[in-house]
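Here's the structure, in structure tokens; my notes come after.
The values are calculated or read from the model by the stated rules, or taken from the named source; none is laboratory data. Every value quoted in this text rests on a predicted model; they were computed, and no experiment measured them. Cβ sites come from the backbone with ideal geometry, for glycine too, and all protein chains shown count toward neighbours. Areas reflect the complete protein model, heavy atoms only, side chains present, ligands, DNA and RNA absent. Shrake-Rupley method; radii C 1.70, N 1.55, O 1.52, S 1.80 Å.
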Amino acid sequence: MKFAVALLASAALATLVPASLPAQAHPADTVDASLPTQLPRTAIPHHYALTVTPHAERLTFDGTVSIDLEVIKPTRDLVLNAADLKFASVSLRPATGGAAIVGRATVDADSQTATFTFSKTLAPGAYRLDLAYSGKINTQANGLFALDYKTKAGKDGRSLFTQFEAADARRFIPSWDEPDYKATFDLTARVPSNEMAVSNMPAASSRNLSGGLKEVRFQTTPIMSSYLLFFASGDFGRIKKAAGDREVGIVMSRGNESKAQLALDAEAQILPYYNEYFGTPYPLPKLDNVAGPGQSQFFGAMENWGAIFTFEYALLNDPAITTENGRQEIFATEAHEMAHQWFGDLVTMAWWDDLWLNEGFASWMENKTTGHFHPDWGAEIERVGSREAAMGLDSLNSTHPVVQEVRTVEQANQAFDTIAYQKGESVISMLEDFAGPNVWRDGIRRYIAAHKYQNTRTTDLWSAVEAAGAKGLTTVATDFTTQPGIPLITVGQSQCRNGNTLVTLTQGQFSADRSREVAANPRSWHVPVKASAGGATAQILTNGRTAQLTVPGCGPLLINPGQYGYYRTLYTPQQAQALAAGLPRLPDMDQYGLISNGLALSLTGYQPMQPGLDLLNAVPANGSAKVIQRTVGRWDDLYDRLEGNSAAQAAIAARIVRNYGPRLRALGFTPRAGEPAVDALLRPTLIGTLGKYRDPAVLAEGTRLFAAWKTNPEAIPGSLKSTWLSVIARNANAATWDAIHERAKATTGTVERTSLYQLLGRTKDEALASRALDLALTNEPGKTVSSGIITAVAGQHPRLAIDFVLSHLAQVNELIDISGRSRFMQRLAGASRDPSLIPVLEGYASANLAATDRKPIQQAIDRIRYESTQALRIQTETAAWLAAHPAG
């Protein structure tokens, strides 16, 4: 729908010619015209001077912007991105002065554009476009948005923040809101005089205005993409620290300064490391991370240049509720978002097709940095976990390449998925291993130095790394980033000759839902395959269907030692049996990698359940805490898959209690000062799992702690509070549910309050789950908390949650980020294996999503279809294995 705002017209020459340029001069287009765009290539912005005045109490804002631009083709129209904006005036003048002409604004809500039409043709040259407009402040994380919270005194507070990626800067400033249109920004904000305003750059000046306001003008930003601009205003505190010659800071709601120290220390530790690794120093004068109360269902932090935004739960260390995992996530979040200051901000992908250049690299650097500074945290296990998460999606027919095709705003929003993040990370890990860490680092340095302040494509990176000495890398990288799917390496019978193991490898393709089709017509990759057999590691680059491999040693043959390779491995039964027997002696990452690989093959029908279960059963009860944590999770997944077979479920529960109950007793129910971080992670996993299986000792301790907590909020250690309350909430009756609800209403700490409300949705009791859903549609939990309650219900009752959402779709949509609505339904279906849900999801997609934008729903459908198809076989074979391997 279009509507027009008629503005005054003025007389002008037949063609408006800027005084600084002759009419025939055509400035070069500095934007890559071969890239996709949703805007006509008639002009290029160079600088925005923006003044914004928020009206937080009525959720609106006023803005003015002066845009210095180059017209590159004769035109009467300038078309910019704009969404939910109303224009009061439009004028244009040549950059060197002269009479302005007044334009007419026409807004197209569907295309999210504003067209400014002038009475005469604009000749190519430099101009300044002046716009006055107004917009709305959202209650979800899109554009300029408000987050409400309770202050320490229990009063209502409201802070304002911005979130622009992928395509929401247009809700704050009319702009060329595409990544290739880089420009500089001057931001001026008029805010209440008792509030702090924050942006990408330090403040240049501040002066008091009438009406209790002040005007804060920020320094000019470097040239950057529009989605990286940031503004926040609120009753903030800030702590800071020097990191070399730069200042790092954490901004948070006033009174939470002590909770920010962990994040600040991480920032100060990471920045010098990145300066050295990337070879280009961080270029801005300061780097803040701004904490916001509440949450989004789709992101936890955003890498705005110089002013990262992070929700409080991922940034503040609250002793009342933050777990050991939460503390580690604070470091990981800092590492991820700070990596973006180079990969994404300094060097930006040219279009959303190459989003993985931002997110895959930040995920990889997050893991690398965690391993560097905290080698005791088990980052190598997390790396394997990321690979497995990626393969879970990449094995479906509805997957997509790492370098994907994005042509709509909704497709750009959907591009932030497991493939961009975890597959991107996993492919980078494999390529670094292939090139060697020093060569890889030198290539990264070349890439950043050559392309800083510019936009790039994936091929630019491969060229830089090859130039650093990684011969043949482009071939491997292209195979893994331009086509979807997972290679399958099938291992033939091995022979020992002269102290070496000789084996034939056959390459195919692994697929969860199309195994027959891909077996007949597999894709092909150049795969760097490593192997060990008790001696030195051998490596080969596959080139064709089969490859011969000679491996020093004649011990059990392990393909993919170190777990850097992005492929599945199918062993012979004898090879798999030998690996299971030797599994306790392998490094932690190989133990977990073997288990994950074996179970994936078993669950998808490439082999029976027995080899996968043998590997899972081979993990010693006294083994690595990190591996046991993952192993328990795998057993618990099988427990859920056996729903309806109570005897088999009881057998798994008995096995977990027998094998790992003693480990929990050794750890104790209470954290111990100075204990290893991995033990602090394992304890809540064991408490939660044994509580789910109704272990008497765990339930008794949970009941005791809950009784004490009802009168003393500090009765449960903060790092275990969510764990123990989850055990209680899962088994809650009405009185217990009510007690948690009352405490949630009385809690002022934002993170703890959110956690308590979400616990109300985790009950097994369907009637109580329905009460939680009804509560989510009230104003009580908070605009950003309610969607989390619905998601929590879906974990236990996916069909109940989905039916509820479909019955209240308009209300629920108001509780979700605009950019994440299609993915919300995919998330709600994540715990379901019920094929009757498929037509429900298809109906939702047909009614609410364009045919081009249904991929997340199709992925949910594909997963449900293949898992339900395999369910009976998995249950039958697993039950038989359990009967043959009793827990006694």
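Structure notes:
- Of the residues making up the stretch 505-552, those that are open to solvent by 50 Å² or more (accessible area, probe 1.4 Å) and β-branched (Val, Ile, Thr) are Thr537, Thr546, Thr550.
- Checked across the stretch 339-362, the condition of being closer than 30 Å to Tyr757 by Cα, without any contact (Cβ under 8 Å) to a residue 40 or more places away in the chain and in contact with a helix residue (DSSP H, G or I) (Cβ under 9 Å, 6 or more places away or on another chain) holds for no residue.
- Identity of the residue in the stretch 641-656, free of Cβ contacts under 8 Å to residues at least 40 places away in the same chain and either open to solvent by less than 60 Å² (accessible area, probe 1.4 Å) or charged (D, E, K, R) (or both), that ends up nearest to Leu615 (Cα to Cα): Ile656
- Single residue of the stretch 292-319 satisfying the filter (over 17 Å from the mean Cα position of the chain (by Cα) and of a type in the set (A, V, I, L, M, F, W, C)) that is nearest to Asp679 (Cα to Cα): Leu316
- Each residue in the stretch 760-786 was checked for being closer than 18 Å to Pro798 by Cβ and in a helix (DSSP H, G or I), and 11 of them qualify.
- Among (1) more than 25 Å from the chain's Cα centre (by Cα); (2) closer than 24 Å to Leu316 by Cα; (3) part of a helix (DSSP H, G or I) - the single one Thr703 does not satisfy: (2)
- Looking only at the stretch 821-846, and only at residues there that are in a helix (DSSP H, G or I) and hydroxyl-bearing (Ser, Thr, Tyr), the one that is surrounded by the most Cβ atoms within 10 Å (Cβ to Cβ): Ser822
- Looking at Ile419, Ile444, Ile428, just one residue is open to solvent by less than 10 Å² (accessible area, probe 1.4 Å), in contact with a Leu (Cβ under 7 Å, 6 or more places away or on another chain) and touching a residue at least 12 places away in the same chain (Cβ under 8 Å), and that residue is Ile419.
- Test result for Leu473, of a type in the set (A, V, I, L, M), touching a residue at least 40 places away in the same chain (Cβ under 8 Å), open to solvent by 10 Å² or more (accessible area, probe 1.4 Å) and more than 22 Å from Ser225 (Cα to Cα): no
- Answer residue from the stretch 333-349, given it is buried (at least 23 other Cβ atoms within 10 Å of the Cβ) and hydrophobic (A, V, I, L, M, F, W, C) and is nearest to Gly249 (Cα to Cα) among those: Met338
- Positions within the stretch 847-888 being of a type outside the set (A, V, I, L, M, F, W, C) and in a loop (DSSP other than H, G, I, E, B), in sequence order: Arg854, His885, Pro886, Gly888
- Filter result for Asp32 (among the acidic types (Asp, Glu), surrounded by fewer than 16 Cβ atoms within 10 Å (Cβ to Cβ) and either at pLDDT 95 or above or over 30 Å from Ala146 (Cβ atoms) (or both)): yes
- In the stretch 274-292, the residues that are crowded, with 20+ Cβ neighbours inside 10 Å, of a type in the set (Val, Ile, Thr) and over 23 Å from Ile239 (Cβ atoms): none
- Every residue from the stretch 848-875 that is farther than 24 Å from Thr418 by Cα and either open to solvent by 80 Å² or more (accessible area, probe 1.4 Å) or charged (D, E, K, R) (or both): Leu872, Arg873
- Residues of the stretch 271-311 that are farther than 24 Å from Phe164 by Cα, in contact with a helix residue (DSSP H, G or I) (Cβ under 7 Å, 6 or more places away or on another chain) and among the polar types (S, T, N, Q): Thr280 alone.
- Being under 28 Å from the mean Cα position of the chain (by Cα), of a type in the set (Val, Ile, Thr), over 22 Å from Thr506 (Cβ atoms) and surrounded by 19 or more Cβ atoms within 10 Å (Cβ to Cβ) holds for only one residue in Val619, Val632, and it is Val632.
- Look at (1) part of a helix (DSSP H, G or I); (2) in contact with a Lys or Arg (Cβ under 7 Å, 6 or more places away or on another chain); (3) surrounded by fewer than 20 Cβ atoms within 10 Å (Cβ to Cβ) and you find that Asn317 fails only one, number (1).
- Residues (under 20 Å from Asn317 (Cα atoms) and surrounded by fewer than 18 Cβ atoms within 10 Å (Cβ to Cβ)) located in the stretch 706-716: Pro713, Glu714, Ala715
- Figure legend. Inter-residue proximity from the stretch 214-228: first residues in contact (Cβ under 8 Å) with a residue 24 or more places away in the chain and among the small types (Gly, Ala, Ser), second residues open to solvent by 10 Å² or more (accessible area, probe 1.4 Å) and not in a helix (DSSP H, G or I), beta-carbon distance below 7 Å, spacing 6+ or different chains. Indicated pairs: Ser225/Lys182.
- Once the stretch 320-330 is narrowed to residues that are open to solvent by 10 Å² or more (accessible area, probe 1.4 Å) and within 18 Å of the chain's Cα centre (by Cα), the residue that is farthest from Gly249 (Cα to Cα) is Asn325.
- Only one entry in Glu312, Glu267, Glu276 is of a type in the set (Asp, Glu) and without any contact (Cβ under 8 Å) to a residue 24 or more places away in the chain, namely Glu276.
- Residue match in the stretch 717-732 (condition: closer than 26 Å to Arg383 by Cβ, open to solvent by less than 50 Å² (accessible area, probe 1.4 Å) and either in contact with a Lys or Arg (Cβ under 9 Å, 6 or more places away or on another chain) or at pLDDT below 95 (or both)): yes
- Residue identified as closer than 30 Å to Leu642 by Cβ and either open to solvent by less than 10 Å² (accessible area, probe 1.4 Å) or basic (Lys, Arg) (or both) among Ala767, Ala776, Ala794, Ala744: Ala794
- Matching residues, the stretch 243-264, being open to solvent by 40 Å² or more (accessible area, probe 1.4 Å) and over 23 Å from Phe343 (Cβ atoms): Arg254, Glu257, Ser258, Gln261, Leu262
- Among the residues making up the stretch 726-757, a single one is of a type outside the set (A, V, I, L, M) and within 14 Å of His797 (Cβ to Cβ): Arg730.
- Where a residue in the stretch 754-770 is more than 23 Å from Leu316 (Cβ to Cβ) and its partner, wherever it lies, is open to solvent by 30 Å² or more (accessible area, probe 1.4 Å) and not in a helix (DSSP H, G or I), with Cβ under 7 Å and at least six apart: Lys764/Asn731
- Residue within the stretch 670-692 that is at positive phi, open to solvent by less than 20 Å² (accessible area, probe 1.4 Å) and not in a helix (DSSP H, G or I) present: no
- Picking from residues in the stretch 802-820 that are more than 15 Å from Ala772 (Cβ to Cβ) and part of a loop (DSSP other than H, G, I, E, B), the one that is most open to solvent (accessible area, probe 1.4 Å) is Glu814.
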